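For reference, the structure is listed below as structure tokens.
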Amino acid sequence: MTDAHTLHGKTAIVTGASSGIGRATAELLGQKGAHVYLVGRTQTALDEVRNLIVKAGGTASVACVNINETGRIASLVQRALDETTRLDIMVNNAGLEYPGSIIDGEADQWREMVDTNILALLSGCQAGVKAMRTCGAQGHIVNVSSVSAQRPNSGVYGATKHAVNVISSSLRDELEDDDIRITNVMPGATSTNFARNFPPAFAEQFINAAGLDIPFTPGQRLPAEILNTLANNLKPMLCNPIDVANAVIYAVSQPINVNIAEIVVRPPRAMNVAH
Ligand SMILES: NC(=O)c1ccc[n+]([C@@H]2O[C@H](COP(=O)([O-])OP(=O)(O)OC[C@H]3O[C@@H](n4cnc5c(N)ncnc54)[C@H](OP(=O)(O)O)[C@@H]3O)[C@@H](O)[C@H]2O)c1
């Protein structure tokens with residue numbers, strides 16, 4: 001085994017692995033030798049990520065599910081345990097934002113943000129810890145928060161990410177006597193499909209500034225190659241998802257007596273998006 005395969009023999013679960021930060025993290029975990037469970041809602045994108053991991057010599061399994069359905073996270077953690085006898089790394093990354101003011105916001109959108117960004121992440125933490133204890137793993141749980149959690153006025157989305165920070169800190173306290181470490185990652189603006197629920201004009205300003213001429217419709221997922229071009233052409237303003245993935249790999253590769261508690265990964269220029 002070479003240094004490039006430092007996670008060989010480990011099992012990892014990544015939620016939101018069909019796009020953006022989760023996809024980049026899953027690919028890197030696979031390259032490092034972990035067997036990766038790829039969780040998301042878009043079958044073709046998940047299959048594409050699995051094929052890339054396999055092509056690079058790794059192994060992965062696909063779970064095309066809505067993690068907001070009751071019991072989903074617990075059953076997919078159990079699946080990983082049943083199939084590989086282990087769980088070493090749980091990356092609770094899936095998340096979304098509906099931007100907008102509180103006064104004009106819609107309850108259905110608030111509910112989806114709370115369900116995905118907080119409740120599914122909580123279930124991932126709980127099921128992950130139980131599985132790691134069951135198999136005796138020296139485990140790592142990574143929660144993907146946001147720099148929005150550093151601002152007091154970041155709206156409903158920011159409130160969900162403040163909650164993620166509190167959950168990560170509380171869980172870290174609860175697990176001081178376990179061999180399970182908690183890392184809270186706060187990305188800044190990153191070139192992903194995160195803007196899919198933003199007004200099209202928001203995404204279009206980046207697409208145009210990057211010199212691309214493609215239409216953008218609400219809810220649209222852009223191909224990874226386009227997102228990569230955006231990141232390359234708008235370097236001071238946008239991180240590449242791989243930048244965040246590298247931080248996750250760093251955290252989960254540390255010895256168990258070292259807890260990389262919090263990481264902020266952001267581009268040089270701060271983007272203050274009105275909520
Ligand atoms: N990009 C940024 O600027 C930024 C900044 C700070 C924090 N973040 C955080 O980074 C994390 C990843 O977001 P991203 O930027 O990579 O956005 P993204 O490209 O839109 O990816 C989001 C991922 O979450 C999955 N997902 C969402 N809801 C789901 C559900 N109910 N069930 C299963 N999967 C679900 C999506 O699956 P499908 O596509 O298959 O539906 C997708 O794989 C989020 O927690 C986000 O809040 C992003």
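Worth pointing out:
- Placing pseudo-labels 7 Å out from each Cα toward the beta carbon at residue 269 and residue 232 gives an inter-label distance of 2.0 nm.
- With Rh defined as the Kirkwood radius, the inverse of the mean 1/r over Cα pairs, the Rg/Rh of the chain is 0.95.
- When the alpha carbon coordinates of segment 192-238 are projected onto the principal axes, the ranges are 24, 18, 17 Å, largest first.
- With both labels modelled 7 Å from their Cα along Cα-to-Cβ, the residue 64 to residue 173 distance reads 4.3 nm.
- Alpha-carbon Rg/Rh ratio, for segment 109-261, with Rh computed the Kirkwood way: 1.02
- Two-site FRET efficiency, residue 47 against residue 82, from Cβ-Cβ distance with R₀ of 25 Å, rounded to 0.05: 0.70
- Most mobile of 165, 257, 51 in a GNM of the chain (Cα contacts under 10 Å): 257
- Note on surface exposure: 162, 140, 8 rank 8, 162, 140 by accessible area, highest first, 1.4 Å probe.
- Think of a 1.4 Å ball rolled over the protein heavy atoms: segment 192-238 then has 53 Å² of accessible area per residue.
- Computed with a 1.4 Å probe on the full set of protein chains, the accessible area for residue 54 sits at about 80 Å².
- Selected from 173, 108, 47 as most flexible by GNM, with the chain as the system and alpha-carbon contacts under 10 Å: 108
- Overall form of segment 1-146 per C-alpha gyration tensor (a/c, 1.5; a/b vs b/c): prolate
The values are calculated or read from the model by the stated rules, or taken from the named source; none is laboratory data. This one's a predicted model, so the numbers in the text were calculated from it and none came from an experiment. Reconstructed Cβ throughout: ideal geometry from the backbone, glycine too, with neighbour counts over all protein chains shown. We work out accessible area using only protein heavy atoms, side chains counted, and drop any ligands, DNA or RNA first. Shrake-Rupley method; radii C 1.70, N 1.55, O 1.52, S 1.80 Å.
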